[in-house]
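Report on the following structure.
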Amino acid sequence: MIIISKRLLDIEKNRGHVMSRAVRRVRRWAAAVVMGTVLVGCGGAEKPATGKAGADDSGPKTSVNVRPIKASTTITDAQGVTVTAKKPPQRIVCLVALCDDMLAELGMTPAATNSTLLAHPEFFGKERARKIPVVPGGFLSPEVEAVLSHEPDLVIGLEDTHGKLAPALKGATTFWPVQPSTWEDSVGYLRDLAALTGRTKQAEAAEKRFRTKLARAEREKSDKTSLIIFGSDENFGVATPKNDVAAGLFPKISSYPWKGRGVEGSYSIEEILTRDVDVLFVETLSFGAPDGKLSDKLAKNPLWSRIPAVQNDKVFEVNSDVWAKGRGTRSLGLVLDEATAALR
């Protein structure tokens, strides 16, 4: 029996979580608590629009209204982290792809990054992205000396992965640890960064685009059952709204019965078969040289061919940089585009 676990390494760590026996922690950015503190500078995680949640557990309908953002030298994010900048940050080093996503939305370029997200054609594209310096050490162990060599005004990293770097960066630059659990958190971080950098109009426009796209997808909600899996081999995991930001969108746009259970191996392939999955999204995660698609590897298992999505050619290999690591409004907008097209 193939066991489906919860999202492991923080897919970068990686969704920054994948389920290979060698790596048992990838997609956990959704492992924080849903928070909604309003910040100084009009940033902060956006609270869901008021409304009655439907019986399908998809939650309140998304409002397309965007509150104005006020520029500020100090913000306090949804997790209570306060960041102060003497002047608007210009040189920002990204240690997590959410940072790259936010900078792209604000019309900025990172001083350095350890993500490949910006090479995606809907971001900067390969030619422009390859000109951005890469922080050695990868996602898990970025080198502090290399980070500081870029003379950053601000360094943005994932709290549960890069928080340990804070002491080494203190006094030399400002470190902002982020930990998004929901799309509202991601919007809140974008608003906060816009307040700090003074790029408020760009953030308002990006938030409006995303909210409009999500609201439209909600109105056209599919009755099909969907599933997101991730991994590098048959030891794969199921993305749930509890452990993954992108998966958190799916109860709003389709039937998505997958719940985080707090234990690894919570879903068996037999149980997945009982849910009659109509559309299946696959994130192949590699930790080294690519060695083939996850869907091709799973095709060797006889149970795989019994899934309705497989039988009806509705299995979609998706870009893990966007679906698992991006977590920002542009990445999540692309997830909505691809998901809603596949669910029609």
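Under 5 Å between amide hydrogens, built in the peptide plane, is the criterion, and for V277 it picks out A309 among residues at least 5 positions away or on other chains.
Since only G260, V155, A168 are under comparison, the one whose Cα sits farthest along the positive direction of the charge dipole of the stretch 149-284, derived from C-beta charges on Lys, Arg, Asp and Glu, is V155.
Share of the stretch 64-119's accessible area from carbon and sulfur, percent, 1.4 Å? Accessible surface attributable to carbon and sulfur in the stretch 64-119 totals 55 percent.
Using the Cα gyration tensor of the stretch 207-344, with a ≥ b ≥ c the square roots of its eigenvalues, what is the shape: rounded (a/c below 1.5), prolate (a/b larger than b/c) or oblate (neither)? Because a/c hits 1.5 or more and a/b exceeds b/c, the stretch 207-344 counts as prolate.
Couplings 3J(HN,Hα) of the stretch 173-187, computed from phi: 7, 9, 10, 10, x, 10, 7, x, 10, 9, 5, 5, 4, 4, 4 Hz, in residue order, whole Hz [Karplus 6.51 cos²θ - 1.76 cosθ + 1.60, θ = phi - 60°; x for Gly and Pro].
The aspartates and glutamates whose alpha-carbon is closer than 13 Å to the alpha-carbon of K213, local same-chain residues fewer than 8 away aside, are D337, E338.
Grab the alpha carbons of the stretch 50-159, take their convex hull, and tell me the volume per residue in Å³. It would help to have the intermediate numbers written out before the result.
Working: hull volume 17.9 nm³, N = 110.
Once divided by residue count, the hull of the stretch 50-159 is 162 Å³.
Of all DSSP beta bridges in the stretch 117-251, what percent run antiparallel (nearest 5)? Counting only bridges with both partners in the stretch 117-251, antiparallel ones make up about 25 percent. Under 5 Å from the amide H of V178 lie the amide H atoms of G157, L158, E159, each residue being 5 or more positions distant or on a separate chain, with H modelled from the backbone and absent for Pro and chain starts. Here the translational diffusion coefficient of the stretch 135-206 follows from Stokes-Einstein with Rh set to the Kirkwood radius across Cα pairs; for 20 °C and 1.002 mPa s it amounts to 160 µm²/s. Karplus-based coupling profile of the stretch 197-212, in residue order and whole Hz: 8, x, 8, 6, 5, 4, 5, 4, 5, 5, 5, 4, 4, 5, 4, 5, with θ = phi - 60° in 6.51 cos²θ - 1.76 cosθ + 1.60 and x standing for Gly or Pro. For the stretch 242-344, the fraction of 1.4 Å probe accessible surface lying on carbon and sulfur atoms is 48 percent. F123 sits among other residues whose Cβ lies under 11 Å from its own Cβ, and their net charge, with Lys and Arg +1 and Asp and Glu -1, is -2.
What the phi angles of the stretch 297-306 give under the Karplus curve with 6.51, -1.76 and 1.60, with θ = phi - 60°, is a coupling list of 5, 6, 5, 6, 8, x, 5, 4, 5, 8 Hz, glycine and proline written as x.
The values are calculated or read from the model by the stated rules, or taken from the named source; none is laboratory data. In this text the structure is predicted, and so the values were computed from the model without any measurement. As a convention, Cβ positions derive from the backbone with ideal geometry for all residues, glycine included, and neighbour counts pool all protein chains shown. In case anyone asks, the SASA skips ligands and DNA or RNA and just uses the protein heavy atoms, side chains included. Shrake-Rupley method; radii C 1.70, N 1.55, O 1.52, S 1.80 Å.
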